[in-house]
1. Using Cβ contacts closer than 10 Å as the measure, can you line up 33, 50 from fewest to most?
2. Quick one: which of 57-68, 1-12 comes out on top by average Cβ neighbours within 10 Å, and what's the full order, highest first?
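Every number here is computed from the coordinates shown, using simple stated rules; none is lab data. Quick caveat, the model's predicted, so the values are computed rather than measured. As a convention, Cβ positions derive from the backbone with ideal geometry for all residues, glycine included, and neighbour counts pool all protein chains shown.
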Amino acid sequence: MILEKRKIYNLTIHPFHDEMISKCSKSEMLSLERSIRDQGILYPLLINQENQIIDGTSRWTVAKILNIQEVSVLIIDISLSAELLTTVNETRRDKDRESPK
């Protein structure tokens, strides 16, 4: 994996995203927006070599709302299976639920 910065407008959502990744609720999005306003984006977005977001669409959406021009991304150089997309999402969401607010 490679860590670098990418322009927000160069990123797109992976074509399988809506089939594989659960959406944040409205309250989760508001909480995320407050967090990003206060602390910035704490975790890089996970993207493939085609600039498609594998994990981090909520952070990307909030970044666009807040007019953030660049974000940190981790670029994966392999094809992801649908199972891995789901695992990434579930693992992150479970970790977020365990974190004290």
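1. Going from least to most buried by this count: 50, 33.
2. Averaged packing, sorted descending, gives the order 57-68, 1-12.
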